[in-house]
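To keep things clear, I will list the structure first and then write my remarks on it.
The values are calculated or read from the model by the stated rules, or taken from the named source; none is laboratory data. Small disclaimer: the values here were computed from a predicted structure and weren't measured. Reconstructed Cβ throughout: ideal geometry from the backbone, glycine too, with neighbour counts over all protein chains shown.
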Amino acid sequence: MQRLVVVGNGMAGMACVEQILKHAPKFEITIFGNETHTNYNRILLSAVLAGEKSLDDVTLHPIDWYREKGIALRLGVGIVDVDACAKNVTGDDGSVTGFDKLLLATGSSPVIPQIAGVNNDGVFTFRNMEDARALLERSRPGIKAVVIGGGLLGLEAARGLQVQGCDVTVVHLMDTLMERQLDTAGGTYLIRKMERLGMRVLLHRRTRTILGEGRVEGVEFDDGDRIPADLVVIAAGIRPNAELGRRAGLTVNRGIVVNDYMETSHPDVFAVGECVEHRHVCYGLVAPLFEQGKVLAATITGNRGPVYEGTVEAAKLKIMGVDVFSAGDFREASPDDGIEAEAVRYEDSALEIYKKVVLAGGKLRGVILVGDTSDSHRYMDWLRNGVDVTRKRRRLLFPEPVEDAGFDVAQMSDSETICGCLGVSKGDIIQAIHTRGVNTMAQLKESTRASTGCGSCTNLCEQLLRAVAPEFQEETKTTLCACFPFSYEQLREILLSQKLKSVQEVLNVYGNRKGCEVCKPALSYMLDMVWCGEHEEDRSARFINDRVHANIQRDGTFSVVPRIRGGVTSPDELRRIADVAEKYSVRMVKITGSQRIDLLGVKKSDLPKIWADLGMPSGQAYTKGVRMVKTCVGTEFCRFGVQDSVGTGIELERRLENLYTPHKVKMGAVGCPRNCAEATVKDIGLVGQEGSWQVVVGGAAGKNVRKADLLITVETTEAAIEAAELFFQYYRENANYLERTYDFVERMGIEKVRKETVYATQPERLKLLDRLQRSKALAKDAWLERETPVHPTQFIQIEPMENVFA
Amino acid sequence: MIPENKWTRITTAESVPLREGRAVRLGGVEIAIFNLGDRVLAIENRCPHQGGPLCDGIVSGTTVVCPLHGWRFDLESGAAVRSSLPACVTVFPARVEDGIISVNIAGGSRIEMEDAA
Ligand code: SRM
Ligand SMILES: Cc1cc2nc3c(=O)[nH]c(=O)nc-3n(C[C@H](O)[C@H](O)[C@H](O)COP(=O)(O)OP(=O)(O)OC[C@H]3O[C@@H](n4cnc5c(N)ncnc54)[C@H](O)[C@@H]3O)c2cc1C
Ligand code: SF4
Ligand code: FES
């Protein structure tokens, strides 16, 4: 056995070791890493800072992996010297370790510009876990953060800090953000998007000094301008860690020079990753690492043959809602540079979409996508394989109309890489689908880690799943409105993971700070639902009906519909209603289509008084909430009744009343299949039969007419109510805002609804019911605000202190 | 020019909650006052569409959305925003001094409809 020493326990080193282990065992491996963590996914540090992942989520190789492979791991030890003649390395702990082969995988380090004050407390870089941890610790609402550098890393750091609550300014030297990846037009769209998320961007600014005595107070630019700062992140580029190469006497330019076999100038020393320079290029992204690692593994294990010929670099910005992708060389024809290239563009300034491809000699040379990166894989394929696109000229910027969804992926060979970040090939994915029963994107991510890096291969993964997985399930994404670039699912996750509890907070961090009449009520609902009623209620984010708990009418007055459970009332209640109608000169008293009574044309300022006089709870006729349970007379009086529809309906209404829902929920309970209260066209219906209840859901008889689907048939009344509750809570949690059950059930499919409610495992069912109970415990009759208004002028027209007489 | 002497003291600043509106009747005109956090703005409380009470609308940035059919108005200029028809409401100068909101009812202005079109 030969001794292989690896310096650098990072992404390139470990990817290469994995490849080496695939060859016949040959080495006794020792790995030195000066970080104290086992190998992790550095890319995801951006997601950690943005709160989308926790530090525990990013580990790539747990300690057990090293153990299983018999690798000696020396964490926290930095190598300070290499003696290539004596063949040993010296650690900063004084240890000297001999090797037969040495692999340098030391990555790179942030470039710190020569400016005064960089040693101040509060100045950070963003490269490793320690940096991420320190930034998470220091950033919080109210902190002013300045990010120096408007490249990929700087922008991701900026967004992360902002999500942590900081007030963020990005300072960039050039006049375009991400100028290495974007032209001016693309950069301008990017600025707009960043600014809309609430970050400030200062271009063309050279930072002269970081101000503060010992602790950061601000930054000063060349022109003398200053801005305050409590925290500064320097993201001004990276430099390969090539020092050990120099000490070993290897040929080193910017990085350690390697040839196409990944050999350095010394036969027993190898290098891989960001510390190398290959054909005059030093890479700063992960895709090249995997290709290099495979070649190096072959060379070092004595199977020299495969060559590495360079990688087409592709960059994707990992900021949710800001889609930016760039690959290859996007420079256009310019007589000075002798470049012969032509550009094809598409631009929609309202949708903020910008696409540009650059062609040379009938082939794609570079591409920029802003605002819509869904086609990135197509361009990557053209770039990597040098596809002649002359015949695709007319469809360069739009995909060919899809006839065969699996066509793109069918064209790829099994060994072709799909996920460049984590080196997952098409074959790996197909294997996961077949052997591990992968059917959804979430499962695919979990089992192969594909698309968990930069995410640019998500589309391709989805296509592959669609084509191969027997039970592929599409993940539905509907965004709320233009204020938020997120799907409902993402928003729910964000609210939970970020512990956001008020509408304005969500808007400040993830939206455009303003919000609109569409997203504000929707967010209010989501917060209420996600936090089971423990959110911070903000009435300014509610539609007027939900501010005053009554339905606004065409003349600005309101209607009042008290709760009459199951449609059953009493002489006493009717008398009070009559008295109120007289006392407040109610314009119309009307029996509604829902077995209730409506008092129409009430002034806002009379509402609290009317509610008090009525002494009845709110019927929620003005809100997205529980309306009524319509009932028929059932066993109590009807000669055909076989189930107690009145008692059951009233009980169901009691259990669910005062809760809020994505859209209104109307229910019905009938004592026999004659269905006199129309339960089969309600959101939830209970249809009594001899000895059992049918529970039906998703019915409608409004804009749409739809017969409800059968959810389940059960023997006892309690079981019927429980099935209704399960569905009710499931709808609350999974429907999009303003999606009635008739649309929801169709979208999900009744089979899935059944599987996840009445047929779910006992613990899952209990969890749903438990969340329902928790919400219910906090729910109150909204009309009690007559005694404790949320604001002194909630129902009141303001009287001026002094008046003018015109 | 805003006539300086015509400021009318209306109510305490706390009477209008953040990002909400409240109505007040002043000299025969109904006015909606909005609290935008850093300032208050006042407009005529009558939607030109069908008379909707704008004070009850949802505030979005410096605009308000009529609660009846969703027309949107800019609180600073009074112009209907993103509307296919030219429309506007009168805006009145408003300010907060010593915690009291005042409105200048005589200083009400409307943009020229040709501009809004
Ligand atoms: C008062 C009432 C009509 C009546 O005089 O009977 C009524 C009145 C209104 N309905 Fe209704 N609906 C009333 C029963 C119904 C019914 C019948 C029922 O509940 O059995 C339906 C069909 C069932 C259904 O809900 O699908 C019904 C389907 C609608 C729809 C269409 C919903 C759909 O998606 O198909 C709307 C519009 C909406 O919700 O988006 C609507 C909206 C409205 C609104 C709230 C319109 C509005 O936004 O202002 C009306 C309020 C008038 C007011 O000023 O108070 N109303 N509405 C009924 C009140 C019931 C109650 O006691 O709460
Ligand atoms: C926040 C962030 C986001 C990124 N996002 C993306 C992205 O979206 N897409 C993408 O393609 N790339 C991205 N990158 C770049 C990507 O992480 C790197 O390309 C990749 O990690 C390089 O791998 P490497 O092994 O060469 O270097 P590293 O992963 O840095 O590993 C080198 C390791 O060697 C250690 N080391 C160095 N010198 C010594 C020594 N003398 N002794 C012992 N140990 C030593 C270092 O501490 C480090 O642990 C991102 C980087 C960061 C920081
Ligand atoms: S059907 Fe309903 S929404 Fe339409 S006018 Fe009648 S009450 Fe209003
Ligand atoms: S009354 Fe205001 S939009 Fe119709």
Can you name every residue in region A:56-97 that is within 14 Å of ligand 2 (Cβ to nearest atom) and more than 29 Å from A:L250 (Cα to Cα)? A:V58, A:T59, A:L60, A:H61
Among the residues of region A:668-686, what is the count of those that are under 40 Å from the mean Cα position of the chain (by Cα) and part of a loop (DSSP other than H, G, I, E, B)? 2
Take the residues in region A:711-728 that are part of a strand (DSSP E or B) and in contact (Cβ under 8 Å) with a residue 40 or more places away in the chain, then tell me which one is farthest from ligand 4 (Cβ to nearest atom). A:I712
Could you list, in sequence order, the residues of region A:79-114 that are touching a Phe, Trp or Tyr at 6+ places or on another chain (Cβ under 7 Å) and without any contact (Cβ under 8 Å) to a residue 12 or more places away in the chain? A:N88
Which residue pairs have Cβ atoms closer than 6 Å, lie 6 or more positions apart in sequence or on different chains, and pair a first residue in region B:13-40 that is facing chain A (nearest Cβ under 7 Å) with a second residue that is among the hydroxyl-bearing types (S, T, Y)? B:S15/A:T793; B:R19/A:S540; B:E20/A:S540; B:R22/A:T793
Which members of region A:569-586 meet the condition of being surrounded by 15 or more Cβ atoms within 10 Å (Cβ to Cβ) and assigned to a loop (DSSP other than H, G, I, E, B)? A:T569, A:Y584, A:V586
The lone exception for A:Q773 - which of (1) more than 14 Å from chain B (Cβ to nearest Cβ); (2) in contact (Cβ under 8 Å) with a residue 12 or more places away in the chain it fails: (2)
Return the only residue of B:P53, B:P67, B:P93 being in contact with an Asp or Glu (Cβ under 7 Å, 6 or more places away or on another chain) and either over 17 Å from A:Q797 (Cα atoms) or within 11 Å of ligand 4 (Cβ to nearest atom) (or both). B:P67
Residue list for region B:51-61, filter: surrounded by fewer than 24 Cβ atoms within 10 Å (Cβ to Cβ) and not in a loop (DSSP other than H, G, I, E, B): B:S60
Single unsatisfied condition, A:V804 versus (1) at pLDDT below 95; (2) in contact with a strand residue (DSSP E or B) (Cβ under 6 Å, 6 or more places away or on another chain); (3) within 27 Å of A:I650 (Cα to Cα): (3)
One residue is enough: does region A:781-789 have a residue meeting the conditions touching a Gly at 6+ places or on another chain (Cβ under 7 Å), within 14 Å of chain B (Cβ to nearest Cβ) and of a type outside the set (S, T, N, Q)? no
Checked region A:431-447 for anything more than 11 Å from A:C461 (Cβ to Cβ), more than 20 Å from the chain's Cα centre (by Cα) and in a helix (DSSP H, G or I); matches are A:Q431, A:H434, A:T435, A:R436
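One line per residue, one yes/no per condition, for (1) on the phi > 0 side of the Ramachandran plot; (2) in contact (Cβ under 8 Å) with a residue 60 or more places away in the chain; (3) assigned to a helix (DSSP H, G or I):
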position	(1), (2), (3)
A:P141	no, no, no
A:V146	no, yes, no
A:L155	no, yes, yes
A:L182	no, yes, no
A:A185	no, yes, yes
A:K193	no, yes, yes
A:G198	yes, yes, no
A:H204	yes, no, no
Might you let me know whether region A:667-680 holds any residue that is closer than 30 Å to A:A522 by Cβ, of a type in the set (D, E) and buried (at least 22 other Cβ atoms within 10 Å of the Cβ)? no
Among (1) closer than 22 Å to A:C532 by Cβ; (2) surrounded by 11 or more Cβ atoms within 10 Å (Cβ to Cβ), there is one condition A:A777 misses while meeting the rest; what is its number? (2)
Given (1) free of Cβ contacts under 8 Å to residues at least 40 places away in the same chain; (2) of a type outside the set (D, E, K, R); (3) surrounded by fewer than 19 Cβ atoms within 10 Å (Cβ to Cβ), identify the lone condition not met by A:G685. (3)
Scanning region B:1-50 for residues that are within 16 Å of ligand 1 (Cβ to nearest atom) and more than 14 Å from the chain's Cα centre (by Cα), which turns out surrounded by the most Cβ atoms within 10 Å (Cβ to Cβ)? B:H49
What pairs come out if I take residues in region B:48-63 that are of a type in the set (D, E, K, R) and pair them with residues that are within 16 Å of ligand 1 (Cβ to nearest atom) whose C-beta lies under 8 Å away, six or more apart or interchain? B:D56/A:I544; B:D56/A:R547; B:D56/A:I552; B:D56/A:G556; B:D56/B:P67
Taking the residues in region A:527-567 that are within 14 Å of chain B (Cβ to nearest Cβ), part of a helix (DSSP H, G or I) and not acidic (D, E) as candidates, determine which candidate is surrounded by the most Cβ atoms within 10 Å (Cβ to Cβ). A:A541
Under 9 Å between Cβ atoms, which residue pairs at least 6 apart in sequence (or on different chains) link something in region A:240-269 that is at positive phi with a partner that is assigned to a strand (DSSP E or B)? A:G249/A:V82; A:M262/A:F270; A:M262/A:A271; A:M262/A:V276; A:M262/A:H278
Please enumerate the residues belonging to region A:788-801 that are closer than 27 Å to A:R654 by Cα and either assigned to a helix (DSSP H, G or I) or without any contact (Cβ under 8 Å) to a residue 60 or more places away in the chain (or both). A:T788
With the condition kept exactly as written, say whether any residue in region A:693-704 is surrounded by 16 or more Cβ atoms within 10 Å (Cβ to Cβ) and basic (K, R). no
Residue among A:Y742, A:Y737, A:Y731 that is in a loop (DSSP other than H, G, I, E, B) and either over 30 Å from B:T8 (Cα atoms) or more than 14 Å from every other protein chain (Cβ to nearest Cβ) (or both): A:Y737
Quick check on my filter: what residues within region B:81-110 are β-branched (V, I, T) and outside any strand (DSSP E or B)? B:V89, B:T90, B:I105
Hey, which of the helices (runs of 4 or more DSSP H) in region A:1-79, taking only ones fully inside, have at least 3 residues that are surrounded by 19 or more Cβ atoms within 10 Å (Cβ to Cβ)? A:11-22, A:45-49
How many residues of region B:62-80 are within 11 Å of chain A (Cβ to nearest Cβ) and either of a type in the set (V, I, T) or in a strand (DSSP E or B) (or both)? The answer is 5
Check whether at least one residue in region A:108-128 is surrounded by fewer than 22 Cβ atoms within 10 Å (Cβ to Cβ), touching a Leu at 6+ places or on another chain (Cβ under 7 Å) and farther than 30 Å from A:D223 by Cα, and report yes or no. no
In this structure, does A:A271 turn out to be within 20 Å of A:A298 (Cβ to Cβ), at pLDDT below 95, crowded, with 20+ Cβ neighbours inside 10 Å and touching a Ser or Thr at 6+ places or on another chain (Cβ under 8 Å)? no
Name the residue, out of B:R46, B:R95, B:R110, that is closer than 25 Å to B:T12 by Cα and away from chain A (no Cβ under 12 Å). B:R95
